[in-house]
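Trainee: Handing you a structure now.
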Amino acid sequence: MPELPEVETTVRAINKFKSKTLKKVVIHNRNLRWKVDNEVISKTQNKKIKEINRRAKYILIHFNLSTLVIHLGMSGKLRIQNVSDNYFKKHDHAEFIFENEKIIFNDIRRFGSIHLMDKYEEHKLIKYLGVEPLSESFNQKYLFDLCKSSNLQIKKLLMEQTKVVGIGNIYASESLFLAKVRPTKISKKITNAEADKIVKSVKEVLKNAISVGGTTLKDFYSADGNPGYFTLELNVYGRENQECNLCKNLIQKVVLGQRATFFCSKCQN
Ligand SMILES: [Zn+2]
């Protein structure tokens, strides 16, 4: 599943379309997670793009009066192709056509979505999202204040999208390993120093993943490329019963909120 670093890399790959005019949108299959509204086609024709960025895992393509909001769901990908290239792949559901190139939305499982929003900040999908983990708003004080009043285990708290966005299951386990905090620790018991370490670790893990993503940018141009699905060096995730990279103790697995969670009981308290 594309996580925040993959989405950030996708945004960087398509950022070259900023200031370009979207000639038209062609939808081959409207039946994504939500049915694609006709406005996506009718109201974007010949509109100039002002800005391209993201909020959480939503890719935002801004026009003067509205914003195209694309979510990659479980298996969505964008790729860039010349307009003159007429090849298609199975599961190409939408094309965003510019003068020389086009962006193609491909999604095998169709959990992705495409919306056109007038005021995206006020849309129900966006409005309740928590702070961005790479922004200054996600800091030691913010996390410590959240923890103080929470009986949730810290990993669950980190994955609450209304508190902080985009820390997926893998990144939560990896960040807590770096911070040396056990994922099952009750948030209330997190100290100031631990909150500080967790914040720094989350940012480090996400930034590392984004920099790995930077090396895959060229893949956005090849039909068989696999943009945005990064192979990361993982310390704990998926490594049950394997030796910890730091202390050789065996990595343990527990299930928290139905999500597989990995940690080293020696390194993480
Ligand atoms: Zn260890």
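Trainee: If Lys and Arg each add +1 and Asp and Glu each add -1, what is the summed charge of the other residues whose beta carbon sits under 10 Å from the beta carbon of Tyr237?
Mentor: 0
Trainee: Pairs of alpha-carbon atoms within less than 8 angstrom and 6+ residues apart define the contacts here; what relative contact order does the range 5-94 have, in percent?
Mentor: 29
Trainee: May I pose another question? Could you order peptides 154-160, 10-16 by the average number of other Cβ atoms within 10 Å of their residues, highest first?
Mentor: In decreasing order of mean packing, 154-160, 10-16 become 154-160, 10-16.
Trainee: For Lys266, which aspartates and glutamates qualify as cross-link partners when the Cα separation must be under 17 Å and same-chain residues fewer than eight apart are set aside?
Mentor: Glu174, Glu194, Glu240, Glu243
Trainee: Calculate the tail of P(r) for the range 4-127: the fraction of all Cα-Cα distances greater than 19 Å, expressed in %.
Mentor: Counting every Cα pair in the range 4-127, those more than 19 Å apart make up 42 percent.
Trainee: Using alpha carbon centroids, what distance separates the range 181-210 and the range 116-151, in Å?
Mentor: When both Cα centres are located, 16 Å separates them.
Trainee: Just the accessible area per residue of the chain, please: how many Å² with a 1.4 Å probe?
Mentor: Accessible area per residue: 49 Å².
Trainee: Could you work out the helix-only [θ] at 222 nm for the chain, with each DSSP H run of four or more residues adding -39,500 (n - 2.57) and the total divided by the number of residues, to the nearest 500 deg cm²/dmol?
Mentor: Taking each H run of at least 4 residues, the total per residue is -7000 deg cm²/dmol.
Trainee: Between Glu99 and His28, how many nm apart are label points set 7 Å from Cα along the C-beta direction?
Mentor: Placing both labels 7 Å along Cα→Cβ, they lie 2.6 nm apart.
Trainee: Right, next: Report the FRET efficiency, 1/(1 + (r/R0)^6), for Glu160 and Glu243, where r is their Cβ-Cβ distance and R0 is 45 Å, rounded to 0.05.
Mentor: 0.90
Trainee: Turning to a different aspect of this structure: Please give, to one decimal in nm, the separation of the simple spin-label points placed at Thr21 and Lys266, each 7 Å out from Cα toward the Cβ.
Mentor: Reported label-point gap for Thr21 and Lys266 is 6.6 nm.
Trainee: Would you compute the Debye intensity of the range 140-263 from its alpha-carbon atoms alone, equal scatterers and no solvent, and pass along log10 I(q)/I(0) at q = 0.10, 0.16 Å⁻¹ to two decimals?
Mentor: Reported log10 I(q)/I(0), two decimals: -0.34, -0.80.
Trainee: Still on this model: With all pairs of different alpha carbon atoms counted, what Kirkwood hydrodynamic radius in Å does the chain show?
Mentor: Kirkwood hydrodynamic radius for the chain: 19.8 Å.
Trainee: Same structure, new question: Given Lys57/Lys141; Lys47/Lys156; Lys48/Lys124; Lys18/Lys155; Lys20/Lys127; Lys77/Lys248, which pairs have Cα atoms separated by over 32 Å?
Mentor: Lys47/Lys156; Lys18/Lys155; Lys77/Lys248
Trainee: Quick one: length gained pulling Leu134 to Glu233 fully straight, 0.36 nm per residue minus the C-alpha distance?
Mentor: Using 0.36 nm per residue and subtracting the Cα-Cα distance, I get 33.6 nm.
Trainee: Additional query: What is the packing order of peptides 165-174, 195-204, taking the mean over residues of other C-beta atoms within 10 Å and listing the highest first?
Mentor: 165-174, 195-204
Trainee: Follow-up question, since we're still on this one. Take the alpha carbon atoms of the range 39-66, find their center, do the same for the range 11-37, and report the distance between the two centers in whole angstrom.
Mentor: After rounding, the separation between the Cα centres reads 8 Å.
Trainee: Give me the percent of accessible area attributable to carbon and sulfur for the chain, probe 1.4 angstrom.
Mentor: Result for the chain: 48 percent of the exposed heavy-atom area is carbon or sulfur.
Trainee: With an 8 Å cut-off on Cα pairs and a minimum separation of 6 or more residues, tell me the relative contact order of the range 69-207 in percent.
Mentor: 21
Trainee: Can I ask one more? Counting only C-alpha contacts under 8 Å and six or more residues apart, can you give the relative contact order of the chain as a whole percent?
Mentor: 19
Trainee: Now, a different point. Quick one: dipole size for the chain, taken about the Cα centre, charges +1 on Lys/Arg Cβ and -1 on Asp/Glu Cβ, in debye to the nearest 20.
Mentor: The calculation lands at about 480 debye.
Trainee: Can you tell me which of 242-249, 2-9 comes out highest on packing, and rank the rest after it, using the mean Cβ neighbours within 10 Å?
Mentor: Ranking, from highest mean packing down: 2-9, 242-249.
The values are calculated or read from the model by the stated rules, or taken from the named source; none is laboratory data. Since the model is a prediction, treat every value here as computed from it, not as a measurement. Every residue, glycine as well, gets a Cβ built from its backbone with ideal geometry; the counts of neighbours run over all protein chains shown. Side chains are part of the model used for accessible areas, which takes the heavy atoms of the whole protein and leaves out ligands, DNA and RNA. Shrake-Rupley method; radii C 1.70, N 1.55, O 1.52, S 1.80 Å.
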